[in-house]
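As structure tokens, the structure follows; a few thoughts come after it.
The values are calculated or read from the model by the stated rules, or taken from the named source; none is laboratory data. Note that this is a predicted model, so its numbers are computed, not measured. So basically every Cβ, Gly included, is an ideal-geometry build from the backbone, and we count neighbours across all protein chains shown.
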């Protein structure tokens with residue numbers, strides 16, 4: 001028995017709304033607008049939704065609140081809070097429920113107004129009792145500890161981290177929806193203010209508003225809908241820890257395992273992937289995830305991203321919307337890589353379109369490298 | 001004897017000037033942070049032992065503050081007994097703390113609470 005319904009479910013609608021600044025809206029307003037846009041994109045309506053997959057930035061019962069907001073009564077409501085990776089796990093869980101016939105149509109949505117409402121990262125997370133006395137500036141300090149260890153172990157440099165930031169910005173400059181579109185140079189990067197060594201302001205994701213939504217159905221039903229379905233080929237997740245001190249080797253994340261499982265379920269390997277979206281909360285993430293997802297050997301990631309290899313025109317297109325570093329980062333970013341993967345596979349990514357993209361990976365990260373979840377998507381004819 | 005109030009007991013030891021960690025009687029594995037149940041095995045056989053206080057810096061960062069507020073160091077220390085903990089190294093420039101540095105635990109009072117911090121170990125100073 002197969003452990004995943006490979007290609008039997010599909011994303012049939014996708015949308016983003018309010019990336020950047022969206023004043024005057026509450027988080028649920030933004031998510032609701034993106035949801036209806038995704039449904040319009042699919043040619044479906046709210047009354048079709050019987051499975052809801054949603055987490056709100058601050059409302060821990062957001063799945064219930066959002067069903068109420070939309071006026072729907074889903075048979076399945078998944079409100080898990082594995083951080084920014086929640087959305088990849090929603091795709092995995094929705095695929096099982098759809099394939100089992102437990103639900104017929106899933107809505108996965110997220111929205112945040114953190115930039116205009118608070119002007120900083122909004123989080124419900126309480127400091128951990130055995131970390132709090134040492135005042136880590138979380139989440140930055142936790143990722144900084146990983147970056148410092150990676151640099152120590154593999155001799156990586158700030159310039160190599162900077163290559164990740166520069167590539168993200170170059171992609172963002174091709175994306176009209178991206179929040180940061182002004183040119184960025186290595187000198188700018190190296191001169192930027194240090195926050196938690198070795199990470200500076202330009203190693204950190206943006207603080208923006210934004211919303212995204214996708215609609216999933218079974219592939220047989222998807223054929224009758226408006227858009228060419230984007231098949232869910234494989235998805236897998238792994239929780240490893242909560243606080244950074246419980247990641248034994250700070251240079252290896254559970255993406256190595258969620259990724260391997262997702263590839264096996266999809267019947268694909270890294271060489272089959274045409275376009276890569278990874279959750280770049282910090283520059284080090286992109287390097288770690290490219291290694292852990294098999295695009296280069298462990299310890300080679302910092303060299304791998306050099307010379308524009310992941311930038312527009314490079315050998316491996318990575319974070320083609322500009323990523324969390326330059327497109328948007330509304331607290332939890334995991335759904336945006338999925339939407340960008342869909343757009344690339346549909347061939348509707350405009351100036352940033354990757355030619356002949358058939359398979360895409362959209363990888364989510366939650367907490368401080370804590371929860372890893374990988375989704376592999378395929379174009380309708382793939 | 002089962003440990004019944006891991007956090008409270010840990011803090012009470014600290015207040016007495018003792019840095020204690022746990023060890024599972026069955027597996028011999030040391031555990032930090034304090035728990036009622038051993039991770040991985042689920043054994044309810046955790047006992048308190050005195051930590052040696054010896055450790056090695058596994059990773060380090062400096063949280064940069066706007067002067068005059070001082071920047072400070074945050075480290076992960078691998079204890080000689082095995083577990084890792086977050087802490088800070090005191091008595092040196094926060095940026096001078098390096099990965100691999102040998103450190104020794106000390107209990108300090110921080111806002112009325114006893115807290116474990118580290119000094120650079122004499123041998124590596």
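Worth pointing out:
- Meets criteria (outside the structural domain of residue B:90 (by TED's automatic domain parsing), surrounded by fewer than 19 Cβ atoms within 10 Å (Cβ to Cβ), in contact (Cβ under 8 Å) with a residue 24 or more places away in the chain and more than 19 Å from residue B:118 (Cα to Cα)) for residue B:11: no
- Any chance residue B:105 is modelled with pLDDT of 95 or more, closer than 21 Å to residue A:150 by Cβ and not assigned by TED's automatic domain parsing to the domain that holds residue B:13: no
- Some residue of the stretch A:354-373 being farther than 25 Å from residue A:237 by Cβ and touching a helix residue (DSSP H, G or I) at 6+ places or on another chain (Cβ under 8 Å): yes
- The stretch B:85-103 - residue that is crowded, with 19+ Cβ neighbours inside 10 Å and in a strand (DSSP E or B) and, of those, farthest from the other protein chains (Cβ to nearest Cβ): B:103
Yes/no matrix, rows are residues, columns are (1) more than 9 Å from chain A (Cβ to nearest Cβ); (2) touching a helix residue (DSSP H, G or I) at 6+ places or on another chain (Cβ under 8 Å); (3) modelled with pLDDT of 95 or more; (4) in a strand (DSSP E or B):
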| residue | (1), (2), (3), (4) |
| --- | --- |
| B:11 | yes, no, yes, no |
| B:17 | yes, no, yes, no |
| B:23 | yes, no, yes, yes |
| B:35 | yes, yes, yes, no |
| B:42 | yes, no, yes, no |
| B:48 | yes, yes, yes, yes |
| B:52 | yes, no, yes, no |
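- The condition of being at pLDDT 95 or above, crowded, with 19+ Cβ neighbours inside 10 Å, under 23 Å from the mean Cα position of the chain (by Cα) and within 28 Å of residue A:348 (Cβ to Cβ) does not hold for residue A:44.
- Qualifying residue in the stretch A:88-107 (condition: over 20 Å from the mean Cα position of the chain (by Cα), assigned to a helix (DSSP H, G or I) and within 14 Å of chain B (Cβ to nearest Cβ)): no
- When residues of the stretch A:118-131 are limited to those that are within 11 Å of chain B (Cβ to nearest Cβ) and in contact with a strand residue (DSSP E or B) (Cβ under 9 Å, 6 or more places away or on another chain), the one nearest to residue A:307 (Cα to Cα): A:131
- Entry remark, the stretch B:106-124: residues being closer than 16 Å to residue A:130 by Cα, more than 9 Å from chain A (Cβ to nearest Cβ), in contact with a strand residue (DSSP E or B) (Cβ under 7 Å, 6 or more places away or on another chain) and surrounded by fewer than 20 Cβ atoms within 10 Å (Cβ to Cβ) number 4 in total.
- Condition met for residue A:160 (more than 14 Å from every other protein chain (Cβ to nearest Cβ), under 25 Å from residue A:289 (Cβ atoms) and in a helix (DSSP H, G or I)): yes
- You will find that of A:148, A:144, A:165, the residue that is part of a helix (DSSP H, G or I), over 21 Å from residue A:17 (Cβ atoms) and either more than 12 Å from chain B (Cβ to nearest Cβ) or without any contact (Cβ under 8 Å) to a residue 40 or more places away in the chain (or both) is A:165 and no other.
- The residues on offer are B:75, B:62, and the sole one that is within 11 Å of chain A (Cβ to nearest Cβ) and within 14 Å of the chain's Cα centre (by Cα) is B:75.
- Considering the stretch A:237-248, and only residues there that are part of a loop (DSSP other than H, G, I, E, B) and more than 10 Å from chain B (Cβ to nearest Cβ), the residue that is farthest from residue B:87 (Cα to Cα) turns out to be A:240.
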